[in-house]
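Sharing a structure below in structure tokens format, with a few things to ask.
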Amino acid sequence: MGRSRRTIPEELLLLALDPATGTTAQPQSLDLGLAGAQLVELALAGRIAPDGDRIAVVMPRPTGDPTLDSALELLRRRGSPVRAVHWIGGPRLGLRQIYLAHLERCGMVHAVSGQMCGVLPTTRYQATDTAISRDIRARLDSAIRTGVPPDPRTAALAALAHAVGLGKHLYPGNEGRSSRSRLRDLIRHDPMGGLVAHAVMDVQNGVAAQPRRAAPGTAAVPGNPGGGGGVVRQSASASITTQPHRGSMARAAAH
């Protein structure tokens, strides 16, 4: 898999970075969304395929992307198809930090060290090229405004953006209500994206133990996907503060 194309996990994280305020939207739900985005990317690469509400490995050959290949190997070791909701809610701590480090290696962000309250060490990641984020946003805007069915990659990104609660970040206020609704509706254009988006919302809503009866690809159920969470505000360029990971899996397991 070459580096000429950005992966869906990379795009989801870049989409969550606010270039104006330096905050990251929905930090508590991004790990879940990134786990789902890995599944979509692996499916687009022909490595996995949906089997009802489960995920099956159909080609274990590595993609060449280390973060995706790590997920693929974990899926392969399971030996049998795994429910998407169990995989997304599974023990893969700190995906946001893993992908930030990955984006730094790829030159899309750079790290800036600092301190919180003058004591706690922090690391912020600033976007090196805001044109990339604008391009990602433009694809979503075009799919929303034109009504033309998007390509599977954009449809899956839209589904995951809705699932982790980025709609209110991308299209805020009453004036963004119709755009948020259309963002949610794009979920129907990609069955795999729909499957993982529903799984992300199920984990957040605490219904991971119950099998989903709706077929993959049906319209998403409106709700309040994604939790809030503060990120230290800093510069006028896209940045994020990373802090010690605190129990995102404990929350998922508690569901």
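Determine the relative contact order of the stretch 52-140: mean sequence separation of Cα pairs under 8 Å and six or more apart, normalised by residue count, in whole percent.
19 percent
Taking H as built 1.01 Å from N, whose amide H comes closer than 5 Å to the amide H of Ile55, not counting residues under 5 places away?
Here Val82, Arg83, Ala84 satisfy the definition.
Now a separate question. So how exposed is Thr63, as accessible area in Å² (1.4 Å probe, rounded to 10)?
Its accessible surface works out to 10 Å², give or take rounding.
Taking a ≥ b ≥ c as the square roots of the Cα gyration tensor eigenvalues, with a/c under 1.5 meaning rounded and otherwise prolate when a/b beats b/c, else oblate, which class fits the stretch 18-171?
Oblate is the answer for the stretch 18-171, as a/c is 1.5 or above yet b/c matches or exceeds a/b.
The values are calculated or read from the model by the stated rules, or taken from the named source; none is laboratory data. Nothing here was measured: the structure is a model prediction, and the numbers come from that model. Areas reflect the complete protein model, heavy atoms only, side chains present, ligands, DNA and RNA absent. Shrake-Rupley method; radii C 1.70, N 1.55, O 1.52, S 1.80 Å.
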